[in-house]
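First up is the structure itself, then whatever we jot down about it.
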Amino acid sequence: LNDVRDFFSGKVKKHEKTLSEREQRQMDLFLQWGAILKPILLTHPPVPAIGAWLQQVVSEHAPLFETHFSEAGQIHRVWEITHRSDIQLLQDLFATHIPGVYIADGHHRTSTMAYLHQQLKQSYPRLDFDHLFCAFFSTDQLDILDYNRVVEGLNGLTPEQFLGRVAEVAELELIENPRKPRRKFELKMLLHGHWYRLHWRAPVVEVPPLHPLPPALLDVSLLNELILHRLLGIADVRTDARINYIEGSKGLKGIAKAVKGHPDRVGFALHPVSFDDMMRIADAGESLPPKSTYFAPRMPSGMLIHTL
């Protein structure tokens, strides 16, 4: 458990904006269950001393339990640390080497618990709203995958008009064998059964139309402003129901499946946000748009439960 006050003080750093609808749903579930079914995933730069200690624990002790997930092809193992000397060592290592951590997965669970702590603590005196249920992983144990978008409707534009407007801000290339974007500032777009490669034009990248200038210029921010907002009429990506978010683990097939049979839908595949950009934005106190990052591996819901 991590003191929720570390979130307010900035030691637990967020990097994404949250969706208000999901926060309300999380709060209803927390209160209904009296429990949290999945820890918040926190990440930090690698610390060799912590890594060496973890390797020693894993090699010298049997896990408390292990769970097989055949569909995902995964095995999750959990070790229990009970000796006071080990706990004290870990606390000392964190205090010495890790001044802050970054939320990798669980922004909504974090912001919901922060709200419960500030607003409803007195109304539910038997429930613990003072702590965050957390799991810590160093960045070299995680991958950041892309988080993609499918949008309903072209805002009154024909497909030809839409392509023409997109071409004003990005170079367009029709492709037959699409792959995920390989670099920053490259996107893939699916429209009317055709895939396109998009590269932001030089003026967009060199003098971005975003004010104030963010700590890191991201494809998702440019997409939100230049295409989703200006062309498709989406004023607030946090609340507009026309956007469907597709996890990067589902690949381009996930986008194609969501678009199939809906001629007015358009899909966008983005290159993953880098750890450096994510940490730079969080350190500056700024936020990425919601659903900008998808971290893997993830702990399945219900494997570890914290009762409030």
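The values are calculated or read from the model by the stated rules, or taken from the named source; none is laboratory data. Just so we're clear, the structure is a prediction, and the values are computed from it rather than from any experiment. Heads up, the Cβs are rebuilt from the backbone with ideal geometry, glycines too, and the neighbour counts pull from every protein chain shown. Only protein heavy atoms, including side chains, enter the accessible area calculation; ligands, DNA and RNA are left aside. Shrake-Rupley method; radii C 1.70, N 1.55, O 1.52, S 1.80 Å.
What the table shows:
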quantity	calculated
Residue match in segment 185-204 (condition: loosely packed, with under 13 Cβ neighbours inside 10 Å and under 19 Å from LEU145 (Cβ atoms))	no
Among residues of segment 62-82, those that are among the acidic types (Asp, Glu) and over 21 Å from ALA296 (Cβ atoms), counted	1
Meets criteria (closer than 28 Å to ALA235 by Cβ and not small (Gly, Ala, Ser)) for ASP283	no
Hits in segment 281-308 - residues which are closer than 15 Å to LEU217 by Cα and either buried (at least 21 other Cβ atoms within 10 Å of the Cβ) or under 15 Å from the mean Cα position of the chain (by Cα) (or both)	ILE281, ALA282, GLU286, SER287, LEU288, PRO289, SER292, THR293
Residues of segment 5-54 that turn out to be more than 14 Å from PHE129 (Cα to Cα), in a helix (DSSP H, G or I), in contact with a helix residue (DSSP H, G or I) (Cβ under 6 Å, 6 or more places away or on another chain) and in contact (Cβ under 8 Å) with a residue 60 or more places away in the chain, as a count	3
Strands (runs of 3 or more DSSP E) enclosed by segment 123-197 - at least 2 residues per element that are over 21 Å from the mean Cα position of the chain (by Cα) and farther than 30 Å from ASP105 by Cα	170-175
Number of the condition not met by LEU64 [criteria: (1) surrounded by 12 or more Cβ atoms within 10 Å (Cβ to Cβ); (2) at pLDDT 95 or above; (3) among the aliphatic types (A, V, I, L, M); (4) out of contact with any helix residue (DSSP H, G or I) (no Cβ under 9 Å at 6 or more places or on another chain)]	(1)
Residue count, segment 82-116 (criterion: surrounded by 14 or more Cβ atoms within 10 Å (Cβ to Cβ) and more than 30 Å from TYR147 (Cα to Cα))	5
Of all residues making up segment 128-174, the number that are surrounded by 16 or more Cβ atoms within 10 Å (Cβ to Cβ) and either under 26 Å from LEU37 (Cα atoms) or of a type in the set (Phe, Trp, Tyr) (or both)	18
Every residue from segment 205-214 that is open to solvent by less than 50 Å² (accessible area, probe 1.4 Å) and either in a loop (DSSP other than H, G, I, E, B) or in contact (Cβ under 8 Å) with a residue 24 or more places away in the chain (or both)	PRO208, PRO209, LEU210, PRO214
Single residue of GLY100, GLY106, GLY73 found to be of a type outside the set (Lys, Arg) and within 15 Å of LYS11 (Cβ to Cβ)	GLY100
Segment 234-286: number of residues that are among the basic types (Lys, Arg) and touching a Pro at 6+ places or on another chain (Cβ under 8 Å)	2
Qualifying residue in segment 193-207 (condition: in contact with a Leu (Cβ under 9 Å, 6 or more places away or on another chain), at pLDDT below 95 and among the small types (Gly, Ala, Ser))	no
Segment 1-53, residues that are open to solvent by 60 Å² or more (accessible area, probe 1.4 Å), of a type outside the set (S, T, N, Q) and at pLDDT below 90	LEU1, LYS14, LYS17, GLU21, ARG22, ARG25
Subset of segment 62-99 (residues that are in a helix (DSSP H, G or I) and among the polar types (S, T, N, Q))	SER85, GLN88, GLN91, THR96
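Okay, residues lined up against (1) surrounded by 15 or more Cβ atoms within 10 Å (Cβ to Cβ); (2) modelled with pLDDT under 95; (3) under 11 Å from GLY153 (Cβ atoms); (4) not small (Gly, Ala, Ser):
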{"residue": "ILE234", "(1), (2), (3), (4)": "yes, yes, yes, yes"}
{"residue": "THR239", "(1), (2), (3), (4)": "no, yes, no, yes"}
{"residue": "ILE243", "(1), (2), (3), (4)": "yes, yes, yes, yes"}
{"residue": "GLU247", "(1), (2), (3), (4)": "yes, yes, no, yes"}
{"residue": "ILE255", "(1), (2), (3), (4)": "yes, no, no, yes"}
{"residue": "LYS260", "(1), (2), (3), (4)": "no, yes, no, yes"}
{"residue": "PRO263", "(1), (2), (3), (4)": "no, yes, yes, yes"}
{"residue": "ALA269", "(1), (2), (3), (4)": "yes, no, no, no"}
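Conditions tested, residue by residue: (1) out of contact with any Leu (no Cβ under 9 Å at 6 or more places or on another chain); (2) among the aromatic types (Phe, Trp, Tyr); (3) farther than 20 Å from SER287 by Cα.
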position: VAL12; (1), (2), (3): no, no, no
position: GLU23; (1), (2), (3): yes, no, no
position: GLY34; (1), (2), (3): no, no, yes
position: ILE50; (1), (2), (3): no, no, yes
position: TRP53; (1), (2), (3): no, yes, yes
position: SER59; (1), (2), (3): yes, no, yes
position: ALA62; (1), (2), (3): yes, no, yes
position: GLU66; (1), (2), (3): yes, no, yes
